[in-house]
Amino acid sequence: MSHYQITSLEHYHEAYAESVSNPDKFWGDIAEENFKWMKKWDNVCDWNFSEPKVEWFKGAQLNITENCLDRHLEERGNKLALIWEPNDPKERFIRYTYRELYEKVCQMANVLKKHGIKKGDRVAIYMPMIPELTISVLACARIGAIHSVVFAGFSAHSLADRINDAEAKMVLTSDGLYRGAKEIPVKRVVDEALQTCPSVKTVLVAERTRWAVNMVEGRDFWLHDELDTVNKECPAEPMNSEDMLFILYTSGSTGKPKGVVHTCGGYMVYAGYSFKNVFQYEESDIYWCTADIGWITGHTYIVYGPLINGATTVMFEGVPTFPDAGRFWQVCDKYGVNQFYTAPTAIRALMAKGEDHVLSYSLDSLRVIGTVGEPINEEAWQWYYIHVGKEKCPVVDTWWQTETGGIMISGLGKHSPMKPAHAGYPLPGIQPVLLDQEGNEIEGNEEEGYLCVKHPWPSILRTTYGDHERCRVTYFSHYKGYYFTGDGARRDENGMYRIIGRVDDVINVSGHRFGTAEIENAINANDLVAESAVVGYPHDIKGQGIYAYVITKNPVQNEDILRAEIVETVVEEIGKIAKPDKIQFVSGLPKTRSGKIMRRILRKVAEGDTSSLGDTSTLLDPDVVDEIKNGAL
Ligand code: WT7
């Protein structure tokens, strides 16, 4: 029986049992049989959750790109590795075989080296969804540079913060980008950001839109010119298993996004294993994940997971609704996609456009369809299952996080039972628990609690970049001996997990995480604002919308103009994706005598439920509650 691929429900149960009773043997077998190592490990896993310190495959050496590229050349050299589908369906697609992708990555790696990038240097990648993005990520990994991909929708300000936190030496970017009907001057954003980024010495610019851009002499270079000067072979840098592979910034309940760190060996093993099993990928399949590589989903399930498995992975530049709401389904039919992976927010947006678009395509190549990013409501699940999956494809509702590196709780293709709105059972090697307020494990089913994990898995985050204490406090201090996810969850009568949502001050907007404090800081950056409080509220398409309560310094003259200005400030501070949906001007916030904002009340009002605000007697000024209720939007 293969250790790597799970082929039945019984097999899953056996693998799961072994992974719990003997994790070292379980992961050691998988790592040994299915990956290419330059040197074997001394120890499979050393860990404690108190520092925390987690080390997988210590003593081993590897390079993840050898596993993604080199080792496939012999058998899969002419197999398609990457299919790139442009924003505009009238434009030509691009495809690379494994050999071609290997050569592109080596060339790019040589360009990085030529510009002085060495093992351990940080490289920021701020690029649209073009093939150069995938190539850049792999090129960094090839030479041991640590990539920090920043989603190209973030503002100059956010980009600068991330570059500075990581002290990146280089930025990889493009002239501009196309996304749906939008055109964005990407290089201009980089230029603005770099005014405050002293660590950056070099900028490499990929050509996408052919717009005229400002090129700073000695700092900025066109990528195509540079690629012409180097050769197509670049040896893979031997990396220690616990060397950093990448940093990816994500929001938490405090103001500043943190750089989640993943390392080479463990991340590789879990990306490969989880991809293979959740999607049940077979050799001739075409797999498509619609995420952006700016998020963890794209890292693990567009780039690394599929390529480790020698898969053909589709990369899409556009959006679900451009030029019309049939775009996803047209692409599925065009390439004969077998596994399709998207987000609930996209499903809801398409559902709102009616069935006609999806019904005009056959979709008969689909075998497994997946979702990720936020809880999927039952209605959207049914629509996806019936109209996209034609009631024959299992829906894998995959729960995981930037910090977990890979999918944690999910069905495994057709092998698992499924239930709408339930992620289901943990993957082998994952030991979730529900804890109560006091940190006791809740036994049994039909129970709800704080979702934690009690044993490390290979791709758990190792630290938050430059601030290990923050990692400890955020994830390992709430409940001693456990990794705390920040989510609440419920086990149903059969032990299937349903994720309820965040229990901290994080809002999930269209599958993207924002800290309420982060958005409040952005709003407060507007000179006219004295104070603000932000909460999430249920939103039909986005899952959660952003509702802001704002106190201004002076009386408001024109509410709409001021709202537009505040929105503009948030766009500048964070990016368009964090725009508040509703802004209510208030004269005060419901604070307790100790000065703490009672968010419970703000959430209720934002939800439109003002009937049961609970006990407000401990408030400093109970009158503000009436004002807030009466002014609710
Ligand atoms: C948070 C992590 C993991 C890639 C995308 C988001 C929520 C994620 C699900 C799901 C319910 C989900 C959780 C989690 N979430 N997947 N299938 N069902 N909730 O990554 O930005 O790190 O956000 O997204 O609340 O904690 P992320």
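All of the numbers you see were taken from the coordinates with simple rules; none came from a lab. Computed from a predicted structure; not experimentally measured. Cβ placement follows ideal geometry from the backbone for every residue including glycine, while neighbour counts extend to all protein chains displayed.
Things to note:
- A simple spin-label model places the labels of Ile500 and Asp228 6.1 nm from each other, with each point 7 Å out along Cα-to-Cβ.
- Entries in Lys276/Lys480; Lys256/Lys629; Lys113/Lys169; Lys579/Lys604; Lys553/Lys596; Lys36/Lys201 that, when Cα-Cα distance is taken, lie over 23 Å: Lys276/Lys480; Lys256/Lys629; Lys36/Lys201
- Euclidean distance of C-alpha centroids, region 300-376 and region 1-63, integer Å: 31
- Prolate/oblate/rounded call for region 386-443, Cα gyration tensor, a/c under 1.5 rounded: prolate
- Rh (Kirkwood; distinct C-alpha pairs) - region 356-417, Å: 12.6
- Estimated FRET transfer efficiency when R0 is 45 angstrom, pair Lys576-Lys414 (beta carbons, to 0.05): 0.70
- When the charge dipole of the chain is built from unit charges on Cβ atoms (+1 for Lys and Arg, -1 for Asp and Glu) and taken about the Cα centre, the candidate among Cys332, Ile460, Gly59 whose Cα reaches farthest toward its positive end is Gly59.
- Rounded to 5, percent antiparallel among DSSP beta bridges of the chain: 60
- Along the axis of the charge dipole computed for the chain (Cβ charges of +1 for Lys and Arg, -1 for Asp and Glu, origin at the Cα centre), the listed residues Pro320, Met108, Thr371 are led at the positive end by Met108.
- Extended-chain gain in nm, criterion 0.36 nm per residue less alpha-carbon gap, Glu559 and Ser360: 67.2 nm
- For region 220-340, the C-alpha radius of gyration divided by 2.2 N^0.38 Å, with N the number of residues, is 1.28.
- The alpha carbons of region 510-631 occupy a box of 39, 34, 25 Å along the principal axes, longest dimension given first.
- Rounded to the nearest 20 debye, the dipole magnitude of the chain is 900 debye, with +1 charges on Lys and Arg beta carbons, -1 on Asp and Glu beta carbons, and the Cα centre as origin.
- Computed about its Cα centre, the charge dipole of region 510-631 is approximately 440 debye, with only Lys, Arg, Asp and Glu carrying charge at their Cβ.
- Couplings 3J(HN,Hα) of region 300-314, computed from phi: 7, 10, 10, 8, 5, x, x, 5, 4, 8, x, 7, 9, 10, 9 Hz, in residue order, whole Hz [Karplus 6.51 cos²θ - 1.76 cosθ + 1.60, θ = phi - 60°; x for Gly and Pro].
- Stretched out straight at 0.36 nm per residue, the stretch from Leu73 to Lys40 would grow longer than its current Cα-Cα span by 9.6 nm.
- For region 467-517: rounded, prolate or oblate by the Cα gyration tensor [a/c cutoff 1.5]: oblate
- Tensor-based shape of the chain (alpha-carbon gyration tensor, a/c under 1.5 rounded, otherwise prolate or oblate): rounded
- Relative contact order %, region 510-631, counting alpha carbon pairs below 8 Å whose residues are six or more apart: 23
- Put a dot 7 Å past the Cα of Ser50, heading toward its Cβ, do the same for Ser8, and the two dots end up 4.5 nm apart.
- Phi to ³J(HN,Hα) by Karplus 6.51 cos²θ - 1.76 cosθ + 1.60 over region 465-473, Hz, x for Gly, Pro: 3, x, 7, 5, 4, 5, 4, 4, 5
- Calculated FRET value between Glu448 and Arg92, using beta carbons and R₀ = 45 Å, to 0.05: 0.30
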